[in-house]
Amino acid sequence: MDNLGRKVFLIVVVIVVLAFLGYRFSANQQEAAALQTDTVDRTVTPVAITHAKLSDATDTITLPGNIVGWNEAPIYARVTGYVKEWHKDYGHEVKKGEVLAEITTPDLDAEYRQAVADLQSERAKNELADLTAKRYVAMRHNQALSEQAISVQVAEAKAQAAKVKAAEQKVKNIEAFIGFKQVTAPFDGVVIQRNISVGDLVGKEGNLNTPNAKNNLFTVAVVDKLRLFVSVPESFGAFLSPGLTADVTVPQFPNRHFTFEFLTVSKGFDTNTRTAVAVFTIDNKDRVLWPGSYATVHLTAPVDLGVMTIPTSAMVFQEHGTQVAVVGEDDRLHFKPIVVAKILDNVIEVTQGISESDRIVNNPGAALLEGDKVRIVKAAGGYDLVTREAPASEASTQKKQSTKSL
């Protein structure tokens, strides 16, 4: 009985040992297979993919522009002199003909006095010549003078009368310039520049106190209605027609959009820049926009067919030109050349080389080569595909390591 009990015990012990050894062998096999799979996965570069999208059938272009008053007039002096006083400053509203400044003109005043004196002298000479001519003519009946002498005197009287008219016209011309001693506004508007001070020497060239520079005295602008000047490239020239609008932002109001309406276009391209000047307008009754503002102009026009767009981060620049990395059906990488039409802020427009079905690698690494095996993963916010795997994979690896330690 004792021998039988011992045999049964030994058999049970052997069975338990064999079962344990079988379990450990199976567990080791599973762990080895999992480790091999994990190792293979880690050797294959993970990539995130994106797909090309067909854009709307519109073409949008962003250009710099310049906002100016509906009318803007730089005002210069017509006479040379010194600024006596100025009456209008920056931002002042003015009416047509209102005096902006007064100029003292000592040289012009002296010239005027001389012209008046010359006129009086010529008039006196004309009176004498006219009287003499009349006397010569009166003596013709008595034949006291030759006909030649009489004709000469009559001609001299006519010449002297012409000199009087010339002297009178000179006085009128100087009087006209004297009227320019007062600088006036050419139309109703707002003073947007004042470049003079009391005592400044001014002339036809502007403020003469600043050599080698032409400075106008004032600039007056109509600000209730504004013009926008934009240099538009040739590719967008066909869309410049009535009905087109421009979406405009200015630095002083970055979050506010203004809509300008198309007015006209130069209908000719500058040979240096290959652009045409387009003009847009806007009513500015509230005067929120100021002349001289820099404008960011967005022009959108319909086109026959949209273009493919991809993120700018998907572009690859190599010696063969601009390319994208595409994952094939066998999960291997292939580089495809593309034709870029336009580079925008976050996307690029592509006219050739890709389709909507292509699996395009987003932000491909520099180590990726043609034909490399890759593994497609879903990108997560704040996750670096190059250095780390997803948190779920980390947790799985840690769980396997804890199982092995047991």
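The values are calculated or read from the model by the stated rules, or taken from the named source; none is laboratory data. Treat the numbers as computed from the prediction; the structure is a model and nothing was measured. A quick note on method: Cβ atoms are made from the backbone with ideal geometry, for glycine too, and the neighbour counts reach across all protein chains shown. Please note that ligands, DNA and RNA were not included when accessible areas were found on the heavy atoms of the full protein model with its side chains. Shrake-Rupley method; radii C 1.70, N 1.55, O 1.52, S 1.80 Å.
Taken over the stretch 117-146, the residue count meeting the criterion of being closer than 15 Å to ALA157 by Cβ, open to solvent by 60 Å² or more (accessible area, probe 1.4 Å) and not aliphatic (A, V, I, L, M) is 8. So, ASN173, is that one in contact with a strand residue (DSSP E or B) (Cβ under 7 Å, 6 or more places away or on another chain) and closer than 30 Å to TRP86 by Cβ or not? Criteria not met by ASN173.
Considering TYR90, TYR112, which residue is in a loop (DSSP other than H, G, I, E, B), at pLDDT below 95 and over 13 Å from THR184 (Cα atoms)? Steps first, please.
Numbers: TYR112 fails: in a loop (DSSP other than H, G, I, E, B).
Only one candidate qualifies: TYR90.
Condition check for ALA314 on (1) open to solvent by 50 Å² or more (accessible area, probe 1.4 Å); (2) assigned by the TED database to the domain that holds GLN352: one failure, at (1). Within the stretch 69-87, the residues that satisfy the criterion of being of a type outside the set (Ser, Thr, Tyr), open to solvent by 40 Å² or more (accessible area, probe 1.4 Å) and in a loop (DSSP other than H, G, I, E, B) are TRP70, ASN71, ARG78, HIS87.
Consider the stretch 236-268 and keep the residues that are touching a residue at least 60 places away in the same chain (Cβ under 8 Å) and outside any strand (DSSP E or B). The one that is least open to solvent (accessible area, probe 1.4 Å) is PHE236. Evaluation of VAL99 against the conditions (1) among the β-branched types (Val, Ile, Thr); (2) open to solvent by less than 70 Å² (accessible area, probe 1.4 Å); (3) touching a helix residue (DSSP H, G or I) at 6+ places or on another chain (Cβ under 7 Å) shows that the sole unmet condition is (3). Just one of the numbered conditions (1) outside any loop (DSSP other than H, G, I, E, B); (2) open to solvent by 60 Å² or more (accessible area, probe 1.4 Å) is not true of VAL279: (2).
It is to be established whether one or more residues within the stretch 333-341 are in a strand (DSSP E or B) and at positive phi. Looking for residues that are in a strand (DSSP E or B) and at positive phi, one finds none in the stretch 333-341, hence no. When the stretch 282-297 is filtered for residues that are of a type outside the set (A, V, I, L, M), surrounded by 13 or more Cβ atoms within 10 Å (Cβ to Cβ) and outside any strand (DSSP E or B), the ones remaining, listed by number, are ASN284, TRP290, PRO291, GLY292, SER293. Of everything listed in (1) out of contact with any strand residue (DSSP E or B) (no Cβ under 6 Å at 6 or more places or on another chain); (2) assigned to a loop (DSSP other than H, G, I, E, B), the single unmet condition for PRO186 is (1).
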